[in-house]
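A quick write-up on the structure given underneath.
The values are calculated or read from the model by the stated rules, or taken from the named source; none is laboratory data. From a predicted model like this one, the values you see are computed outputs, not experimental measurements. Using ideal geometry, Cβ is built from the backbone for each residue, glycine included, and neighbour counts are taken over all protein chains shown. Only protein heavy atoms, including side chains, enter the accessible area calculation; ligands, DNA and RNA are left aside. Shrake-Rupley method; radii C 1.70, N 1.55, O 1.52, S 1.80 Å.
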Amino acid sequence: MQLNSNHLQAIGTLAAAIAALIALFVAWDQGRVMRQEIRASVWPALQLDGFSTQRNDDIVLGLNIQNAGVGPARLDSIAIFYQGALVSDLEALSELFAGHTGRSATSVTGRIIGAGDTVEVFAFQFPRAEDDDAVEIMYALASNYSVDVCYCSVLDECWIAHTSGSANPKPESVDACPAQGVSNL
């Protein structure tokens, strides 16, 4: 069988089409890999840590947010729950910590937390009694309180982080942050 020029042309066209398809797949795969690398290079990972510590003659209870990721995090909302009910504002939270002798709070909604940074959201100070144990106090608080913080990356990918005592402490991906939250935090 002799190949004529039409057959050679058809084979050449088919080979070029296959090469183009392979090049298209390689370009698509490279784009996918690049998008994953970009997301990974700006990925924030917030960790919520309730704390209880002794400072001088006082016990201080509060909440820290740390960005353990590699990119900045924009905090869109913070929701604090006491026995499953949403706490509406800082005053309502303050009333739940009856007997405190001092408090501090930082507004975090809308704030950018850089990679490696930590923010103390709030702290309440109590006079320490002789038999007070900061660790026991923290465990008692953790059984009544939970915190959800919704945050986004610079690529507008969003997650909700939970306190470690919640059923799911791993941040969950969400399409958008909910509007609910503590109004003045």
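Numbers at a glance
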quantity	calculated
Accessible carbon and sulfur surface of the chain relative to its total accessible area, %, 1.4 Å	55 percent
Structure-based [θ]222 nm, the chain - -39500 (n - 2.57) summed over DSSP H runs of at least 4, per residue, nearest 500	-9500 deg cm²/dmol
Dipole moment magnitude, nearest 20 debye, the chain about Cα centre, only Lys, Arg, Asp, Glu C-beta charged	1040 debye
For the range 1-91, accessible area per residue (1.4 Å probe, heavy atoms of protein chains only), Å²	63 Å²
Inter-label distance for Gln83 and Glu95, nm, one decimal - labels placed 7 Å from Cα along Cα-to-Cβ	1.4 nm
Heavy atoms of Leu141: accessible area, 1.4 Å probe, square angstrom to 10	40 Å²
Of the GluC sites (Glu not before Pro) in the range 98-143, those whose Cβ has at most 10 other Cβ within 10 Å and which sit in DSSP loop	Glu130
Dipole of the chain, positive direction: furthest Cα of Ile59, Ala115, Ala16, with charges on the beta-carbon	Ala16
